[in-house]
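Read the structure below first, then the notes.
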Amino acid sequence: MKWNGIFPRLFTKNDISFSTEYQNYLKSYAAPNMKSKIVDQSFVVFDTETTGFDLSASRLLSLGAVMVQNNSFHINQSLSIAFQQSVRHTEDAVAIHGIVTNEQIGLAEEEVIKIFYDYIGSSVIVGHHTAFDIQMVQYCGKKYGFGPILNPTLDTSYLAKRLDNPYNPMQQNPKDYSLDALCERFDIIAKARHTADGDAYLTALVFMKIVKQFELKGVFYLKDILKN
Amino acid sequence: MKNEIIHRVYDFIKEFPPFNYLTKDDLLSIASSVVVKYFPKGSIVFDLGEAPSEYFYVVNTGAIELLENENSIVDVCDEGDVFGIRPLIAQTPYLLKARAQEESVIYAIDIKTFSPLMEKNHKVSLYLATNFAIGTSNMFFKNPKSPTSDVSSIHTELFTVDTSKAPIFIDATKTIKDAASLMVQLNIGSVIICDVEQKPIGIITDKDLRIKVVAGNHDKSEQVENIMSSPVKCVEPHRTLAELQMKMLSQRISHLAITEDGTDQSKLVAVVSEHDLVVQQGDNPAILLKEIAKATTANDLANVRTKMTSLLGKYLEQNMAVSFIAQIISELNDEIIKKCIFFAEEKLGSELYKDIQYCWLSIGSEGRQEQLLVTDQDNAIIFEENPLVPDIKEKCLALAVEVTAMLNKIGYEYCPAEMMASNPLWCQSLEEWKNTFSKWMFQPTEQDIMMCTIFFDFRPVYKKKSLSADLAQYIYSDMEKNDVFIHLLAKNALQNPPPLSFFRNLVLEKNGEHKDSFDIKLRAMMPLADAARVLILQHRLEGENNTLKRFKKLAEMEHNNSELFEMAADAYEILMDARAKNGLLNNDSGRYIKPDDMDKMDRLMLRNAFQPIDQLQQILKVRFQL
């Protein structure tokens, strides 16, 4: 099998004992048709909350996702899941997310990973600084026999930068492209920030509005935003 | 874990009607049925003639315009507004096109989730009926016919008479002694007499026993029939206490028989006394009437007036029909005025006034019996010339000075425009009044026309009421001779155009103390009251002062416009209600409303209430060629 995944370095050729669920995911996965219109494509907009930003030392706390298609998303088809916790969180996460330690509710990591891989199917994955979230999920999934996520991904922060500076997006000031800044820019009331599901909801709105901006610039097709 | 996505929707919709009437659990289930939809500027939510989807919509952010065709915007929905629901329920195609006026995010709500909640919640269905004509052909919130139809069951229990117990009555064949012993035994002040079929034929009260038996010439061994009063006033079952109270108040009786069909030709079901009502209701008009009667100082009356305000608040809270409340308040106001006149005569020397024939008039809104809150006094005096009595006018003026001062002390402030009986201009003999009105009607200045609108709604309150009737008679016969006057009156009624600037925005005061508030009296109530007056005068209908009743009368007389007049009556009622609530809230006359203080439902009702104004003014323009 040839890995076209986003972070192949996480996996080596020896990682081949994949779970049934991951194999099912691989079987049913079909890469999106790059010629289709952006609005017609199904996107999973997701976000996670973690105990820190260090991949190996941090743990997932919660995961939220909505499925966007045709400029809309169904609330009852969204994900809002807490991970069962037993290890004490690092202090900085508590400071940022306001999450306290003694939560015993939520699903086991393995369950969440299964649900998530099933949920993303063949959708394009969208998130704000989504690379980190994807890495976290893959890192965690590895423990349960889940391999890399094949779905193409889009980062709303990067898309917004590209919108403003198509040729040198990375020259933009990152501060202007935080989720808060984008919400303000697109008139989205940013309430309950720093919960995974709340941020997924906001990111979905930001994403739909960014897509519209691309359309206004004549960018209609998936290939145009997926090809960096 | 709290689902932030569902809560985000929940937190939003819970702020807006009709969702704010639902429980948290219901709202959470609605919220989870929502589809969040993004509409770029100019995109179409649904199109004219399209079959309805399974969803109706709430604007989350942005604005959606509803169009009849490409260029005519019917309405603009912004944050929290619901749209596209009627076709779903009526199962008809969309009659309007919905387009995003700005970039918008809207929540589509699954009708299947919503319908059952709507059906089980009275307020929700009422709201939808009010705003989307769902389930009713009437766009207006109907003030409940029975004052309790909109209060919780706890209130309903308090407000109906218990008819489960067997009624107390006595056979017509029994003796007076039997009746008296029964009354003593049960400790009641009266007893109903029934025939063999248990139909009420009369009533005996303590008073009858005192006057007719103890002090009179009837013997206690006679049959009760001989001393009973008849017929007995009857009402049908299931009347609310408030209605019963009103009936007792207006007929000056203290007992009512409840019979199967409301007449004395059917079986007695229950007897209700004033006392029963008092026990059940505490603060009530009957008690206040008694307090007025017993008052010995203006301070006593001021206390009653304070209680009237709390009574008003209670009634409004229970959504009682405003027409009914206004009648009670007006009745009580009249009694207070009478008492003040009585005090004033006593103070100045009753002897001086026993030969003077005069009539105390209420004018303006008090004359129309539309006063709910304590406002300025508006009154006048008509007296009869009598060569045998010296200085009639001076005496009447002296009296009026006393009365108005007392009323002022009680809380009815002096009229800033001096439209009071204490002003020599408004304390005139019948002949002088006739001349005044003739002058107003035949050579009117603009000022005169305005005077007319105030004085035309005069109503006799106390003393010789025939003087008032004579004056009215004169005015109407004068009007027959003169078409110009009614035209001017019609023109005056057009002075204040409907108060909507653009679809949904109220015309607010631009300057002065009341900047940014809405003058509900000038901009909404006066145009309606003025239109009603002109139209009723055009029909030469005498003796109907009340704006609501005028519109109801007009609806009866003009079949092709009856719907509009009914609407106008409803609108006026809504406005009176809104003004009174605002007045109670701010402890003032309620005239200036801050739109921000109102909840969305009240704002919408108010907005609907303005619609008849424009149509009425169109009628006036056509009819009087203005």
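I want to verify the translational diffusion coefficient of chain B in µm²/s; compute it with Stokes-Einstein, Rh as the Kirkwood radius over Cα pairs, at 4 °C and 1.567 mPa s.
46
Can you give the Rg to Rh ratio for the range B:385-460, taking only C-alpha atoms and Rh from Kirkwood?
1.01
If you fit an axis through the alpha-carbon atoms of helix B:446-455 and take the longest principal axis of the Cα set of chain B, what angle between them do you get, 0 to 90°, nearest 10?
That helix lies at roughly 60 degrees to the long axis.
Taking only C-alpha pairs under 8 Å that are 6+ residues apart, what is the relative contact order of chain B in percent?
About 10 percent, as a whole number.
Please enumerate, by chain and number, the lysines with C-alpha under 26 Å from the C-alpha of A:K27, excluding those fewer than 8 residues away in the same chain.
The reachable lysines, counting only those whose Cα sits under 26 Å from A:K27, are A:K2, A:K13, A:K35, A:K37, A:K114, A:K142, A:K143, A:K223, A:K227.
Using +1 at the Cβ of each Lys and Arg and -1 at the Cβ of each Asp and Glu in chain B, identify which of B:A532, B:Y10, B:M320 lies farthest towards the dipole's positive end.
B:M320
List the residues whose amide H sits under 5 Å from the amide H of B:M420, counting only those 5 or more places along or on another chain, with H placed 1.01 Å from N in the peptide plane.
Close amide H contacts, sequence-distant or interchain: B:N379.
Rg (Å, one decimal) plus Dmax (Å, integer) for the alpha carbons of the range A:36-226?
In Å, with Rg to one decimal and Dmax whole: 16.4, 50.
Is it possible to state the helix-based mean residue ellipticity at 222 nm for the protein assembly as shown, with each DSSP H run of 4+ residues giving -39500 (n - 2.57), the sum divided by total residues, to the nearest 500 deg cm²/dmol? What is it?
The helix-only estimate for the protein assembly as shown comes to -13500 deg cm²/dmol at 222 nm.
When we measure straight from the Cα of B:K174, which aspartates and glutamates land under 12 angstrom away, once same-chain ones fewer than 8 places off are left out?
Reachable aspartates and glutamates: B:D195, B:E222, B:E225.
Pairs of Cα atoms under 8 Å, at least six residues apart: use those to get the relative contact order of the range B:491-623, whole percent.
Here the relative contact order equals 30 percent.
Based on the Cβ-Cβ distance of A:A31 and B:D597, what FRET efficiency does E = 1/(1 + (r/R0)^6) give at R0 = 45 Å, to the nearest 0.05?
Given R0 = 45 Å and the Cβ-Cβ separation, E is 0.20.
Subtracting the Cα-Cα distance from 0.36 nm times the residue separation, let me have the gained length for B:K347 to B:D47 in nm, one decimal.
100.4 nm
Using only alpha carbon pairs under 8 Å that are at least six residues apart, calculate the relative contact order of the range A:36-226 and give it in whole percent.
27
Whole percent per 5 Å bin, from 0 to the bin with the longest distance: what is P(r) over all C-alpha pairs of the range A:110-165?
The calculated distribution, bin by bin, is 4, 19, 26, 24, 12, 8, 5, 2, 0.
Could you give the radius of gyration (one decimal) and Dmax (whole number) of the Cα atoms in the range B:4-125, in Å?
Just the Cα atoms of the range B:4-125 yield Rg and Dmax of 13.9, 42 Å.
So, in nm, how far is label B:K409 from label B:K177 when the simple model puts each one 7 Å beyond its Cα toward the Cβ?
That separation, rounded to one decimal, is 5.5 nm.
Can you tell me the orientation of helix B:322-348 relative to chain B, as the angle in degrees between its alpha-carbon axis and the longest Cα principal axis, to the nearest 10?
The angle comes out near 40 degrees.
Students sometimes get this wrong: rank B:H514, A:H129, B:H7 by accessible area, probe 1.4 Å, all chains present, largest first.
Descending accessible area places them as A:H129, B:H514, B:H7.
Write down the accessible area per residue of the range A:99-177 in Å², having rolled a 1.4 Å probe over the full set of protein chains.
Using a 1.4 Å probe on heavy atoms only, each residue of the range A:99-177 averages 43 Å².
Hey, with R₀ at 56 Å, roughly what FRET efficiency would A:A131 and B:L95 work out to, going by the Cβ-Cβ distance, to 0.05?
Efficiency for this residue pair is about 0.70.
Which of the pairs B:K207/B:K339; B:K207/B:K314; B:K247/B:K553; A:K161/B:K97 have their Cα atoms more than 27 Å apart in this structure?
Table pairs above 27 Å Cα-Cα are B:K207/B:K314; A:K161/B:K97.
Could you calculate the contour length gain from B:K247 to B:T263, that is, 0.36 nm times the residue separation minus the distance between their Cα atoms, to one decimal place in nm?
Contour length minus the Cα-Cα distance gives 4.3 nm.
Taking the Cα centre of the protein assembly as shown as origin, work out the dipole magnitude from +1 charges on Lys and Arg Cβ and -1 charges on Asp and Glu Cβ, in debye rounded to 20.
The calculation lands at about 1580 debye.
Looking at the P(r) of the protein assembly as shown, how many percent of alpha-carbon pairs lie beyond 54 Å?
The share of Cα pairs beyond 54 Å in the protein assembly as shown comes to 36 percent.
Accessible surface of B:S438 in the full protein assembly, 1.4 angstrom probe, to the nearest 10 Å²?
Here the accessible area works out near 20 Å².
Among B:C452, B:S53, B:T309, pick out the residue whose Cα is farthest towards the positive end of the charge dipole of chain B, where Lys and Arg carry +1 and Asp and Glu carry -1 on C-beta, about the Cα centre.
Projecting each Cα onto the dipole axis, the largest value belongs to B:T309.
Taking each pair of different alpha-carbon atoms in the range B:162-281 once, compute 1/r for the pair, average those values, and report the inverse of that mean as the Kirkwood hydrodynamic radius in Å to one decimal.
Over the range B:162-281, the inverse of the mean reciprocal pair distance is 14.4 Å.
I'd like the Karplus ³J(HN,Hα) series for the range A:107-123: coefficients 6.51, -1.76, 1.60, θ = phi - 60°, whole numbers in Hz, and an x wherever there's a Gly or Pro.
Per-residue couplings from phi come out as 9, 5, 3, 4, 4, 4, 4, 4, 4, 5, 4, 5, 5, 6, x, 10, 6 Hz.
Mind pulling the angle between the C-alpha long axis of helix B:285-294 and the longest principal axis of chain B? Nearest 10 degrees, somewhere in 0 to 90.
40
When the accessible area of each residue in the range B:1-27 is compared between its chain alone and the complete protein assembly (1.4 Å probe; ligands, DNA and RNA ignored), which residues differ by at least 50 Å², being lower in the assembly?
Buried on complex formation: B:M1, B:E4, B:I5, B:R8.
Could you work out how much longer the chain between B:A166 and B:F442 gets when fully extended? Use 0.36 nm per residue separation minus the Cα distance between them, nm to one decimal.
Stretched out fully, the B:A166 to B:F442 stretch lengthens by 92.9 nm.
Between B:A469 and B:E513, what FRET efficiency follows from the Cβ-Cβ distance if R0 is 45 Å, with the result rounded to 0.05?
For B:A469 and B:E513, the calculated efficiency is 0.65.
In Å, what Rg and Dmax follow from the Cα atoms of the range B:491-623?
Values for the range B:491-623 (Cα only, Rg and Dmax): 14.8, 44 Å.
Need one number for the range B:302-439: average projected area of the convex hull over its C-alpha atoms, nm².
One quarter of the hull surface, i.e. the mean projection, equals 8.8 nm².
The values are calculated or read from the model by the stated rules, or taken from the named source; none is laboratory data. These numbers were taken from a predicted model, which means no experiment stands behind them. Quick reminder, even Gly has a Cβ in these numbers, built from the backbone with ideal geometry, and neighbours come from all protein chains shown. The accessibility values were calculated without ligands, DNA or RNA, using every heavy atom of the protein model including side chains. Shrake-Rupley method; radii C 1.70, N 1.55, O 1.52, S 1.80 Å.
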